[in-house]
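Just below is one structure, and these are the notes that go with it.
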Amino acid sequence: MENIKKELYSFSKLTTFHTCPYSYYLTYIKKEKRKDNVYSYLGGKIHSLLEDLQQNKINNQKAISLFLSYFDDADILGYDFPTENSSKNFKECMVSYFENYKPFSVQDFKIEEYFEVDIEGVPIRGYIDLYTITDNKYIDIYDYKSSSKFTKKDLEIKKLQLIIYGLALKNKYPNMVVRSLNFDMCKYT
């Protein structure tokens, strides 16, 4: 019998299909490379800095210095913000965020952990930005959003991502309580 590869879906993949089937076709069927933009480029860098901060590999000032370097690199690489004001605002907000960032003071936390979970016959996979375990009982889940701002309508769809994470961790830790699901809106805190 021939081995058939099991299709795994991600929240991003499902959302793309729901939002624009043609974009799904181009990205996941034809495998056309997606173009990065300033937000995706800097978002990846910001996620890495937050991981390093949480693990005490760098301090706040180092995070700011690296962010400003990445910010300059984005310009050199041709990643433009929609407006000069949006560029200035993004930079100021992120510097303020890094100045005030405090790592979670728990002993047990996981960063960028891969998961697979079956939800009503649909196999879903992904990576959880960060979750903490407190008192070997409570799980708090955090997803970093470095440029997004959700409308109420957006939130109805986006919150499904956190719910999927919660289901995955409930399966992994059946004796623990998923206490909270959180978007960390970095730019807006």
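The values are calculated or read from the model by the stated rules, or taken from the named source; none is laboratory data. Every value quoted in this text rests on a predicted model; they were computed, and no experiment measured them. Here the Cβ positions follow ideal geometry from the backbone for every residue, glycine too, while neighbour counts run over all protein chains shown. Keep in mind that these areas ignore ligands, DNA and RNA; they rest on the heavy atoms of the full protein, side chains included. Shrake-Rupley method; radii C 1.70, N 1.55, O 1.52, S 1.80 Å.
Are any residues in region 22-51 modelled with pLDDT of 80 or more and either in contact with a helix residue (DSSP H, G or I) (Cβ under 7 Å, 6 or more places away or on another chain) or among the hydroxyl-bearing types (Ser, Thr, Tyr) (or both), and if so, which ones?
38, 39, 40, 41, 42, 45, 46, 48, 49
In this structure, is residue 37 of a type in the set (S, T, N, Q) and loosely packed, with under 13 Cβ neighbours inside 10 Å? It would help to see each step written out before you state the result.
Details: of a type in the set (S, T, N, Q): yes; loosely packed, with under 13 Cβ neighbours inside 10 Å: no.
For residue 37, the condition - of a type in the set (S, T, N, Q) and loosely packed, with under 13 Cβ neighbours inside 10 Å - is not met.
Exactly one of (1) loosely packed, with under 14 Cβ neighbours inside 10 Å; (2) modelled with pLDDT of 90 or more is unmet by residue 151. Its number?
(2)
Any idea how many residues of region 102-148 are open to solvent by 60 Å² or more (accessible area, probe 1.4 Å) and either in contact (Cβ under 8 Å) with a residue 60 or more places away in the chain or touching a helix residue (DSSP H, G or I) at 6+ places or on another chain (Cβ under 6 Å) (or both)?
Looking only at that region, the number is 3.
Let's see how each residue does on (1) at pLDDT 90 or above; (2) over 24 Å from residue 7 (Cβ atoms):
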| residue | (1), (2) |
| --- | --- |
| 156 | no, yes |
| 162 | yes, no |
| 169 | yes, no |
| 175 | yes, yes |
